[in-house]
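The structure appears below as structure tokens.
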Amino acid sequence: MTTTAIAITCTVNGVKVERTVEVRRTLAQFLREDLSLTGTKVSCDVQICGACTVLVDGQPVSSCTHLAVDVDRSAVTTVEGLASEGRLHPLQQAFVEQMALQCGFCTPGFLMMAKALLDENPDPSREQIIEYLDGNLCRCTGYAPIVAAVEQAARVLGPAGGDSNA
Amino acid sequence: MLPPFALERPDRLEDALALIGDDCLPYCGGTELLMAMKLNVLRPSCLVDLKGIAALARVEWRGDSLVIGGAVRHASLAADAEISRSLAVLTVVEQRVGNARVRTQGSIGGNLCFAEPRSDVATLLAALGASITLASSTGQRRIAITDFVLGAYETVREPTELLVEVLVPSARLKSGVYLKHQYAERPTVGVALVREGENGVWRLAVGAVGDVPIVIEVSSLDEIDAEAVADMTDPIEDISGGVDYKQHLVAVYVRRAVQAAAEDLGA
Ligand SMILES: Cc1cc2nc3c(=O)[nH]c(=O)nc-3n(C[C@H](O)[C@H](O)[C@H](O)COP(=O)(O)OP(=O)(O)OC[C@H]3O[C@@H](n4cnc5c(N)ncnc54)[C@H](O)[C@@H]3O)c2cc1C
């Protein structure tokens, strides 16, 4: 059926969402404007900076260049979905303790990218962390504290990786 | 903001083929297409989503040859255990395409059909002697990858055709190395050096640096003159460097690839 709007069903941070969405709407617009989940940031808008990273069925995507209708029947996780029962996720805790942020604009993207990494590889080497995060840009920290935070979170999470707090 | 368009989501290849055309474009991961639409470079009235078509999502072995469906994502290829056992050089390339987000979303067919010159995938496939199959509602044709890409953003594909599969002949018998120089999100230079069997010829492909990869065949590694290869390239001058610099890089990476091939493969 040719259509410019589609009814979709998905879960966002574990909550079932049913909406009719204009096909040209990006996932970032859908999350920020329709669902008021403004934790996801849009910066470069061309998939280079990583600020808009969210997970779709556990895999990282650039929500700025991803159609919202493509998450139909999928599970979306945004930065708002990391903390549970009022407790920060170990990655968030590590970012705070390692001072891995200043202005904080890139942080949601780094957190989601790091979550994807630890879900896939709970014990990454420093080089693997650096390589995995090299598609995310931060203008404040100089990256070293971010890498240290991911190393700390990997130690805290242990072999279960990020999955323990999916 | 994306301009308005309609979206079709067929689950059969025939339906997709009946829909696509000048104003109704194939759409898979959207990593190039949605970007071009945001920038108003492309303004289709309709997109045909290929992600629901099972026939385009398969990775299979036919004897020693590897067949990859046009809509298979980089992340699936990077994680494919059989590919890493039998054609490890493809795993190496796929694990390092762009970033993990581009690998989740982007497909092999989209990479080849968009024909952005800075492609690792096209360079390796050229060295592997791969071909692709294009299908339309009236038939199919198979074309060598080196004949498919005509230039920057230009291929022989007609608007009514879909890239349905990529074929790597004798993939199990091939081995090789791939090295790239990349400081930002796309490669500046990519060098693939591949051989079939113990005594087969070597195929060297140098890509990303010019509009299309160049391919050279030699029977022994000693025949590769890195400076001469660099002279054969026609580099695109851009933010990642000028002609002299890129030709210098080509020579350096060709030398390194030859050395790595000699070490890895006991040539
Ligand atoms: C930030 C970034 C970094 C990147 N880095 C690299 C890199 O390091 N190395 C590398 O090799 N590549 C790189 N790429 C390119 C990437 O591999 C491609 O963008 C991706 O594979 C395109 O696939 P897609 O499914 O998203 O295509 P889409 O954007 O959906 O489509 C691209 C084009 O191909 C057409 N099309 C798509 N599928 C088909 C088909 N089956 N048949 C016919 N036409 C089709 C579409 O109509 C469109 O014109 C990078 C891209 C980005 C955005």
**Request:** Would you tally the residues in the range A:54-79 being closer than 21 Å to B:VAL102 by Cβ and surrounded by fewer than 16 Cβ atoms within 10 Å (Cβ to Cβ)?
**Result:** 1
**Message:** Which pairs turn up if I take residues in the range B:237-253 that are open to solvent by 20 Å² or more (accessible area, probe 1.4 Å) and look for partners that are in a helix (DSSP H, G or I) with beta carbon separation below 6 Å, at least 6 apart in sequence or on another chain?
**Reply:** B:GLU237/B:VAL243; B:GLN247/B:ALA230
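What number of residues within the range B:65-79 satisfy the criterion of being away from the ligand (no atom under 16 Å from the Cβ) and either among the polar types (S, T, N, Q) or in a loop (DSSP other than H, G, I, E, B) (or both)?
1
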**Request:** With the checklist (1) more than 30 Å from A:LYS115 (Cβ to Cβ); (2) surrounded by fewer than 24 Cβ atoms within 10 Å (Cβ to Cβ) in hand, flag the one item B:THR91 doesn't pass.
**Result:** (1)
**Message:** Against the definition (within 14 Å of another protein chain (Cβ to nearest Cβ), touching an Asp or Glu at 6+ places or on another chain (Cβ under 8 Å) and farther than 25 Å from B:ALA16 by Cβ), how does A:GLY58 come out, yes or no?
**Reply:** yes
**Message:** With the structure loaded, tell me whether A:ASP70 is within 14 Å of another protein chain (Cβ to nearest Cβ), touching a residue at least 12 places away in the same chain (Cβ under 8 Å), of a type outside the set (Lys, Arg) and under 16 Å from A:LEU118 (Cα atoms) or whether it fails that test.
**Reply:** no
**Request:** Could you tell me whether any residue of the range B:242-255 is modelled with pLDDT under 95 and away from chain A (no Cβ under 14 Å)?
**Result:** no
**Fill in**
B:ILE68 fails exactly one of (1) open to solvent by 10 Å² or more (accessible area, probe 1.4 Å); (2) in contact (Cβ under 8 Å) with a residue 60 or more places away in the chain; (3) within 28 Å of B:ALA18 (Cα to Cα); (4) more than 13 Å from chain A (Cβ to nearest Cβ), namely (1)
**Message:** So, in the range A:80-136, exactly how many residues are aliphatic (A, V, I, L, M), open to solvent by 70 Å² or more (accessible area, probe 1.4 Å) and within 14 Å of chain B (Cβ to nearest Cβ)?
**Reply:** 1
**Message:** Filter the range B:142-161 down to the residues that are assigned to a strand (DSSP E or B) and away from the ligand (no atom under 13 Å from the Cβ) and list them by number.
**Reply:** B:ARG142, B:ALA144, B:LEU150, B:GLY151
**Complete:** Output for Cβ contacts, cut-off 8 Å, separation at least six or different chains, first residue of a type in the set (Gly, Ala, Ser) in the range A:96-108, second part of a loop (DSSP other than H, G, I, E, B), reads A:ALA100/A:THR141
**Asked** When you go through B:ARG103, B:ARG96 one by one, which is the residue that is closer than 23 Å to B:TRP202 by Cβ, within 12 Å of the ligand (Cβ to nearest atom) and within 14 Å of chain A (Cβ to nearest Cβ)?
**Response** B:ARG96
**Message:** Quick check on the range B:122-134: of everything there that is small (Gly, Ala, Ser) and more than 9 Å from the ligand (Cβ to nearest atom), which residue is surrounded by the most Cβ atoms within 10 Å (Cβ to Cβ)?
**Reply:** B:ALA127
**Item:** Given (1) away from every other protein chain (no Cβ under 14 Å); (2) open to solvent by 60 Å² or more (accessible area, probe 1.4 Å); (3) at negative phi, number of the condition A:GLU22 does not satisfy
**Value:** (1)
**Item:** Any chance A:SER63 is within 16 Å of the ligand (Cβ to nearest atom), within 22 Å of B:LEU34 (Cβ to Cβ) and out of contact with any Ser or Thr (no Cβ under 9 Å at 6 or more places or on another chain)
**Value:** no
**Prompt:** Tell me, which strands (runs of 3 or more DSSP E) wholly within the range B:169-225 include 3 or more residues that are over 17 Å from the mean Cα position of the chain (by Cα)?
**Reply:** B:214-218
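The values are calculated or read from the model by the stated rules, or taken from the named source; none is laboratory data. Model, not experiment: these values are computed from the prediction. As a convention, Cβ positions derive from the backbone with ideal geometry for all residues, glycine included, and neighbour counts pool all protein chains shown. These area figures cover heavy atoms from the full protein model, side chains too; ligands, DNA and RNA do not enter into them. Shrake-Rupley method; radii C 1.70, N 1.55, O 1.52, S 1.80 Å.
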